[in-house]
Structure formats: C-alpha cells, structure tokens
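Worksheet for the structure shown next.
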C-alpha cells in the first residue's frame, strides 16, 4: 500500500527502512548555539524525529515536550533520553491532533523539517497550531528548508520559500532574528535559513 505524509505509516516505513535521511545523528549545531543564548524554559519540538535536539535541550535544563508521528522515532527518543538520564514528555501523535491542554504552555517551539514534511495545504493550520502552543512573547525558532525546490516538484520534503514563510507569519508575529547561519550542516548550506519569530 502507498501511504501519503498524512498517514503515520508513511513515516514509520521510512524509519523501518533506514531512509530517515533528515536525521543528523546528533543535535543540530545551530540549536546547540541558540541554547546558550536563551533562558531555559518550556520548549516544544514538533516533528522531533529521534530526539537528539530534545535531549540536548533537556540536558541544558529546558522542560522539553517532543512530538513525532512515527512510533519508532518516539521509541528511539525514549531510549536516548533514558541513556542521558533526562526527562522528556515524548508524544507519539500527529501534531494537528494535540490536546488543547498544550495550548499557551511553551516559551519556545522548535521547527526543523516539520514544516516541509506536511502537505502545503496544511500550512495555515501549522501557523495556527504554533501560535496556540506558544505563550505571548514566545519564540518560534525555525530552520526553514528546503529553499532550493519548487512546489511543483512535490514532496515531502515540500518546497519552502522565505517569502511564503514571512507572509504566513505576518499578522501576529514579528521577526526576532534572520540569517543564513555558518553553522548549517554542509548538505543544507544555503538551502535553509534561520528565522526566529516572536508571537506578539
């Protein structure tokens, strides 16, 4: 059976076959640097994958909630969190099915390869979800990727454009930081851009 990205089995099959090519095998260098610049608080990582960033933030005394659609990803996260002796609220769920108990709970939301994984017709829902999760003044810390694709090429990963992202996050957000980071990993150099939005 052929699944789409809106079905859990699509992602589970990629993990099972070893095709989770977005997994870096460790914490994201840009997020490691940012973790030194922001105060510890409640942080939500959507589409957390195997959880390397979740564990990194937890080690730095952030209160971490990490969400992924694939059971195998959450199982891996549980293992590396246990090995690191950190506590993480790990949730196996479609991000759009999250309980509203999580609304207005977080100081930070981390975005990396979640936005490009969802069907583009769900991007307005994504913006609404992130707004719901964050407290007023909270930060959406995003690595927006891939910038070198066209939407006609399909996905995932679905094409992402900076103009689209800025337009989507224009009405209740302000840009806190924007740059092509020197810390981007080599395969994503100039293909991703760091933009941090503050919920106003």
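Where a number appears in this text, it was derived from the coordinates with a stated rule and is not lab data. Model, not experiment: these values are computed from the prediction. Cβ atoms come from the backbone with ideal geometry, glycine included; neighbour counts cover every protein chain shown.
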Hey, for a label at residue 61 modelled as a point 7 Å past Cα toward Cβ, could you say which residues of region 24-51 have their backbone N under 19 Å away? 32-44
Computed over the chain, the relative contact order (Cα-Cα under 8 Å, seq sep at least six) in percent reads 18 percent
Of 188-194, 171-177, ordering from highest average Cβ density within 10 Å down gives 188-194, 171-177
Whole-Å distance, taken between Cα centres, linking region 61-82 and region 89-107: 13 Å
Relative to the present Cα-Cα distance, how much length would full extension add between residue 200 and residue 161 at 0.36 nm per residue of separation? 11.8 nm
Each label point is 7 Å from the Cα along the Cα-to-Cβ direction; what then is the distance between the points at residue 122 and residue 75, in nm? 2.2 nm
Expected sort for 121-131, 107-117 on mean C-beta neighbours within 10 Å, highest first, is 107-117, 121-131
Label point distance in nm, residue 135-residue 36, each placed 7 Å from Cα along Cα→Cβ: 2.6 nm
Helix-only [θ] at 222 nm, the chain, -39500 (n - 2.57) per DSSP H run of 4+, per residue, nearest 500, equals -8000 deg cm²/dmol
Cα-only Debye scattering, region 22-199: base-10 log of I(q)/I(0) at q = 0.10, 0.17, 0.20 Å⁻¹: -0.34, -1.10, -1.61
Please check which bits of region 45-89 a label hung off residue 96 would reach, taking the label as a point 7 Å along Cα-to-C-beta and the cut-off as backbone N under 18 Å. 46-48, 67-70
